[in-house]
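Notes to accompany the following structure.
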Amino acid sequence: MDHQAFAQLLGNYGEFIGALAVVATLGYLALQVRHSKASVDANTKALEEARKLALAQTYQARAEVRIGQLQREAESEYIAPILDKLEAQNWVSNDEAFSELTSVEQRRVRLWLTAGQRQFDNYHYQYEQGFIDQEYWENVIYPGLKAAAWNWRHLPHTGFRPSFRALVDQALTEPLDEIMKGKIG
């Protein structure tokens, strides 16, 4: 075998080995892609589960805050009697009821209402960020905000985000459901 034939033979072997290497590399890359996809799928599932857990914890914290507020209100020797006075005079539709309170009573009610307004502003922000689902917003929070907004007309309109202020103004244009008439926050 002469030198040129030997070189040709080596070239053929080299091409064959190179082709095997390409096939092996493609097989390896296919396995890596499959492994990577499985890893991405697992991470996506873990992130979704973490998101659900965070939402559940947020909902739980929200519920605990509201329960605490309602308990303090129920036990309060100050705010409960004032609210009873206001409800007896149908404060939602009677603007004169608020002015008939003493200055100390008016201040207590304003502070109580401001706390509720801050809470609803926080809920609205959480909703905007996707931490409150549509169903809970439409069936629990927004109807509560709508009812409370009627009481907030006695408060200054400062210190709140413009998007929340617009939401409150929108709520005030909507008629109250019969169930909410006469209720305070």
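The values are calculated or read from the model by the stated rules, or taken from the named source; none is laboratory data. Quick caveat: nothing in here was measured; it's all calculated off a predicted structure. Keep in mind that these areas ignore ligands, DNA and RNA; they rest on the heavy atoms of the full protein, side chains included. Shrake-Rupley method; radii C 1.70, N 1.55, O 1.52, S 1.80 Å.
In summary, the aspartates and glutamates within cross-link reach of K37, defined as a Cα separation below 20 angstrom excluding same-chain residues under 8 places away, comprise E48, E49.
Computing the accessible area with a 1.4 Å probe over protein heavy atoms, can you report the carbon and sulfur percentage for region 1-86? Walk me through the numbers before you get to the answer.
Working: 4490 of 6980 Å².
After summing per-atom areas, the C and S share lands at 64 percent.
Surface analysis of region 63-164 yields an accessible area of 57 Å² per residue, using protein heavy atoms and a 1.4 Å probe. With the convex hull drawn around the C-alpha atoms of region 73-132, the volume per residue stands at 100 Å³.
Across L145, L26, L53, mean-square fluctuation computed from a Gaussian network of the chain (C-alpha pairs under 10 Å connected) peaks at L26.
Remind me, what semi-axes does region 1-94 give for its equivalent ellipsoid, largest first in whole Å, using sqrt of 5 times each Cα gyration tensor eigenvalue?
83, 12, 7
The stretch between R66 and R161 holds 32.1 nm of extra length on full extension. This uses 0.36 nm per residue minus the Cα-Cα distance.
If every alpha-carbon in the chain counts as one equal scatterer, what log10 I(q)/I(0) does Debye give at q = 0.09, 0.11, 0.16 1/Å? Log10 of I(q)/I(0), two decimals: -0.51, -0.64, -1.05.
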